[in-house]
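Colleague: Sending over a structure as structure tokens; questions will come in a sec.
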Amino acid sequence: MLFIHEYPDWTQFRYNSKLISKVLGETRMKQGRLLGSMEALNSDLIKTANYAAIKKEIESSFKIDNRFQEIQEEITQNIIETYTSSIKNFNAPLTEETLFKIQQNICQMPSRKWRQDPMLITTQNEDGSFANYKTIAPERISQEMNLFFQWFNDPSKDQVLVAALAHFRLVTIHPFPRGNGRVARLISDIALAKSEDSSNRYYSMSSAILNDKEKYMEILRRTQSGDGDLTEWLLWFTQTLQNAVSESLHVYQKILKQSQFWNAHSHVLFNDRQKYMLHLLLDNSNEKLTTSYWAKINQCSADTALRDIQDLLSKNILEKESSKGRSTSYRIKK
């Protein structure tokens with residue numbers, strides 16, 4: 001059996017272009033919806049969201065490689081700055097010097113040469129079977145990486161497609177003795193930043209990969225053992241990207257809804273019980289609000305709960321639900 005890199009012109013990948021074009025279009029639409037939602041947030045919330053996404057990305061990427069113990073106590077500022085500056089400078093050409101610096105900072109170890117030894121990687125599939133992957137011979141790495149830099153720095157390519165292919169090419173070349181997966185995922189993130197023309201990160205691709213880690217490893221190995229058809233890998237990558245974007249879109253739309261509510265009612269005076277309950281309702285709009293529920297949560301009397309609710313009704317904050325039964329329920333006015 002030949003591995004993909006043992007075929008001539010192995011990087012001339014094949015895939016179902018009609019199918020991949022369709023999913024790329026769907027992916028870009030979801031990216032656009034997320035970016036549009038984020039534009040409605042204030043600058044402080046955007047900074048908080050960006051920092052949280054980068055931190056989640058780092059933690060998840062290390063977990064995928066079973067290296068989380070290295071940063072479990074504290075993610076060093078050096079690693080955070082490496083991710084932040086790499087994304088911030090997404091339009092800068094990727095060079096050998098830049099890639100070595102990224103690997104050194106992520107792995108916190110000096111590596112000034114490409115991998116010098118052959119490697120055989122063994123992984124376990126979902127069915128319990130084992131798969132072996134023989135990496136590219138060390139003497140080929142320099143040439144393969146030069147070709148990679150030329151290809152990656154071409155701005156004319158679809159950058160979501162580049163993100164998927166760059167990820168695959170780097171883990172297949174395996175240029176470093178350590179940290180190849182983490183480096184590949186960060187380089188893939190740089191391409192995604194290019195695709196969005198934004199240095200702000202609002203989702204974590206590695207978190208979505210971690211949720212499907214066994215499938216991730218299995219498809220990688222199966223594709224690396226294939227003949228150059230990357231359709232399955234590209235479909236899995238774009239679907240995983242859509243999952244990451246959708247998860248964040250759900251979270252941030254909820255944050256946006258809360259932000260819009262408090263901005264619209266900034267002139268209204270609320271007591272502490274009302275503020276707390278409104279936060280609960282905004283966080284979970286399906287919660288059934290009754291006088292007894294209000295009293296239970298706030299540990300107050302039913303009379304106090306009723307006065308609080310009637311006050312919010314008079315201020316047009318709450319409205320009665322048209323529900324059947326003995327207990328009257330309320331919701332935030334639409």
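Colleague: Give the residues of the stretch 271-298 that are in a loop (DSSP other than H, G, I, E, B) and modelled with pLDDT under 95, sorted by residue number.
Modeller: Selection gives 284, 285, 286, 287, 288.
Colleague: Right, something else. Considering only residues that are exposed (fewer than 14 other Cβ atoms within 10 Å of the Cβ) and closer than 21 Å to residue 176 by Cβ, which ones fall in the stretch 77-98?
Modeller: Selection gives 78, 81, 92, 93, 95, 97.
Colleague: Yes or no: residue 12 in a loop (DSSP other than H, G, I, E, B) and either acidic (Asp, Glu) or farther than 16 Å from residue 192 by Cβ (or both)?
Modeller: Yes; evaluated as a whole, the condition is true for this residue.
Colleague: Within the stretch 114-154, count every residue that is in a loop (DSSP other than H, G, I, E, B) and either in contact (Cβ under 8 Å) with a residue 12 or more places away in the chain or surrounded by 13 or more Cβ atoms within 10 Å (Cβ to Cβ) (or both).
Modeller: 12
Colleague: Specify the residue that is nearest to the chain's Cα centre (by Cα); the eligible residues are those in the stretch 54-78 that are within 14 Å of residue 185 (Cα to Cα) and of a type in the set (A, V, I, L, M, F, W, C).
Modeller: Per the stated criteria, the residue is 54.
Colleague: Quick test of your reading of the structure: residue 265 fulfils all but one of (1) in contact (Cβ under 8 Å) with a residue 24 or more places away in the chain; (2) within 30 Å of residue 54 (Cβ to Cβ); (3) surrounded by 14 or more Cβ atoms within 10 Å (Cβ to Cβ); (4) not hydroxyl-bearing (Ser, Thr, Tyr). Name the failing condition by number.
Modeller: Evaluating residue 265 over (1) in contact (Cβ under 8 Å) with a residue 24 or more places away in the chain; (2) within 30 Å of residue 54 (Cβ to Cβ); (3) surrounded by 14 or more Cβ atoms within 10 Å (Cβ to Cβ); (4) not hydroxyl-bearing (Ser, Thr, Tyr) leaves (2) as the failure.
Colleague: When residue 271 is evaluated against the numbered criteria (1) in contact (Cβ under 8 Å) with a residue 24 or more places away in the chain; (2) within 27 Å of the chain's Cα centre (by Cα); (3) more than 19 Å from residue 162 (Cβ to Cβ), which criterion, by number, is the only one it fails?
Modeller: Every condition holds for residue 271 apart from (2).
Okay, residues lined up against (1) of a type in the set (D, E, K, R); (2) buried (at least 21 other Cβ atoms within 10 Å of the Cβ); (3) outside the structural domain of residue 123 (by TED's automatic domain parsing); (4) out of contact with any Asp or Glu (no Cβ under 7 Å at 6 or more places or on another chain):
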residue	(1), (2), (3), (4)
199	no, no, no, yes
202	no, yes, no, yes
210	no, no, no, yes
214	yes, no, no, no
223	no, yes, no, no
226	no, no, no, yes
232	yes, no, no, yes
235	no, no, no, yes
247	yes, no, no, yes
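Colleague: Right, here's the next one. Looking only at the stretch 19-37, decide whether some residue is out of contact with any Ser or Thr (no Cβ under 7 Å at 6 or more places or on another chain), among the hydroxyl-bearing types (Ser, Thr, Tyr), buried (at least 16 other Cβ atoms within 10 Å of the Cβ) and not in a loop (DSSP other than H, G, I, E, B).
Modeller: yes
Colleague: Taking the stretch 57-96, which residues are more than 18 Å from residue 204 (Cα to Cα), of a type in the set (Asp, Glu) and touching a residue at least 24 places away in the same chain (Cβ under 8 Å)?
Modeller: Result: 70, 96.
Colleague: Turning to a different aspect of this structure: Would you mention how many residues in the stretch 280-304 are surrounded by fewer than 13 Cβ atoms within 10 Å (Cβ to Cβ) and under 13 Å from residue 261 (Cβ atoms)?
Modeller: Qualifying residue count for the region: 2.
Colleague: Any residue at all in the stretch 312-333 that's surrounded by 13 or more Cβ atoms within 10 Å (Cβ to Cβ), assigned to a loop (DSSP other than H, G, I, E, B), of a type in the set (S, T, N, Q) and in contact with a helix residue (DSSP H, G or I) (Cβ under 8 Å, 6 or more places away or on another chain)?
Modeller: The answer is yes; a qualifying residue exists.
Colleague: Applying the selection to the stretch 94-111, what residues are over 14 Å from residue 145 (Cβ atoms), out of contact with any Asp or Glu (no Cβ under 8 Å at 6 or more places or on another chain) and not in a helix (DSSP H, G or I)?
Modeller: Matches in the stretch 94-111: 109, 110.
Colleague: Continuing with the same structure: Exactly one condition in (1) under 21 Å from residue 250 (Cβ atoms); (2) not in a helix (DSSP H, G or I) is not met by residue 75; state its number.
Modeller: (1)
The values are calculated or read from the model by the stated rules, or taken from the named source; none is laboratory data. What you are looking at is a predicted structure, and each value in this text was computed from that prediction instead of being measured. Cβ: placed from backbone, ideal geometry, glycine included. Neighbour counts: every protein chain shown.
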